Amino acid sequence: MGTRLKVLSVFKKLHRTRMDVFREDGRALAAARLKINEEFKKNKHETSEENIEKMIKMGSDVEAVLRETVLQVEHVAENKLLLRPREGLLLENVPYCDEPRKKL
């Protein structure tokens, strides 16, 4: 895949992830859109293939962090928050055990 297509692919993937992660939060959606667009415009005239590949990697890493670690929380009352997890984000939890397993 050409460098231009890779850059465009990361750009689109970041925006799709932004739409999913910050769903129903207009302020966060707008701030993320501005930041993504600003970073891509700032580096628009970069010509070094090595630097472009580093930036593509950085964009992919940022997308993964957004997708895997950001949670939406809403204030519903004083000292009370409502967690709005995305589908597939919270996986089954493995219970913690203080005692080590006995080897057979």
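The values are calculated or read from the model by the stated rules, or taken from the named source; none is laboratory data. Predicted model, so just to flag it, every value in this text is computed and none were measured. Virtual Cβ from ideal backbone geometry, glycine too; neighbours counted across all protein chains shown.
Okay, here's what the table says:
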quantity: Residue that is surrounded by the fewest Cβ atoms within 10 Å (Cβ to Cβ) [pool: residues in the stretch 4-18 that are more than 15 Å from the chain's Cα centre (by Cα) and in contact (Cβ under 8 Å) with a residue 40 or more places away in the chain]; calculated: 6
quantity: Scope the stretch 32-49; condition more than 26 Å from residue 22 (Cβ to Cβ) and either surrounded by 10 or more Cβ atoms within 10 Å (Cβ to Cβ) or modelled with pLDDT of 95 or more (or both); matching residues; calculated: 46
quantity: Members of the stretch 69-84 that are surrounded by 10 or more Cβ atoms within 10 Å (Cβ to Cβ) and not in a strand (DSSP E or B); calculated: 70, 71
quantity: Only one of 46, 87, 99, 63 that is in contact with a helix residue (DSSP H, G or I) (Cβ under 6 Å, 6 or more places away or on another chain) and not in a helix (DSSP H, G or I); calculated: 46
